[in-house]
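The values are calculated or read from the model by the stated rules, or taken from the named source; none is laboratory data. Everything numeric in this text was worked out from a predicted model, so none of it was measured. Note that we place each Cβ from the backbone using ideal geometry, even for glycine, and neighbour counts take in every protein chain shown. Note: areas computed on protein heavy atoms with side chains; ligands, DNA, RNA excluded. Shrake-Rupley method; radii C 1.70, N 1.55, O 1.52, S 1.80 Å.
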Amino acid sequence: MNISISESDRCFVKYEKLKDNFKWFYSNHEELKRDYNDQYIAIKNRKQIDSDFNLDLLLHRLNLNNCDESIAIEYVNN
């Protein structure tokens with residue numbers, strides 16, 4: 001049996017992962033403010049995977065050119 005996932009199904013899965021990452025960010029915002037204030041953080045699979053004060057440097061390290069990952073990036077501030 002050959003099961004193929006449609007492009008819309010793949011997009012929906014990526015959207016759900018991205019939504020979960022942003023939910024995780026906002027539910028952990030207070031703790032993140034203590035540890036990462038005034039920084040950009042990258043979140044994948046509901047885990048903080050990198051951070052930097054400079055968004056360009058963070059993006060460069062993550063190598064997000066043509067990336068097919070559901071990585072949320074958000075700025076943390078008080």
Seminar exercise, completed: Longest principal axis of the chain (C-alpha) makes with the long axis of helix 7-27 (C-alpha) an angle, in degrees to the nearest 10, of 20
Problem set entry | Within the accessible area of the chain (1.4 Å probe), percent carbon and sulfur | 47
Exercise. When the chain is fully extended, how far beyond the present Cα-Cα distance does Y15 get from H29, taking 0.36 nm per residue of separation?
Worked result: 3.0 nm
Seminar exercise, completed: Of S70, S27, S6, ordered by accessible area with the largest first and a 1.4 Å probe, the sequence is S27, S6, S70
Problem set entry | Computed [θ] at 222 nm, deg cm²/dmol, the chain (DSSP H ≥ 4; -39,500 (n - 2.57); rounded to nearest 500) | -15000 deg cm²/dmol
Exercise. Whose amide H sits under 5 Å from the amide H of I49, counting only residues 5 or more places off or on another chain, with H placed in the peptide plane?
Worked result: A42, I43, K44
For this session: Tell me which label goes with the value of percent of Cα pairs over 18 Å apart computed from the coordinates here: (i) 45; (ii) 39; (iii) 59.
Result: (i)
Problem set entry | Within segment 34-51: backbone nitrogen closer than 12 Å to the Y75 label point (7 Å, Cα to C-beta) | 38-41
Problem set entry | Value of relative contact order over the chain, rounded to a whole percent, pairs C-alpha under 8 Å and six or more apart | 36
Seminar exercise, completed: Per the 1/(1 + (r/R0)^6) rule, R0 = 35 Å and r from the Cβ atoms of K47 and E7, FRET efficiency to 0.05 is 0.85
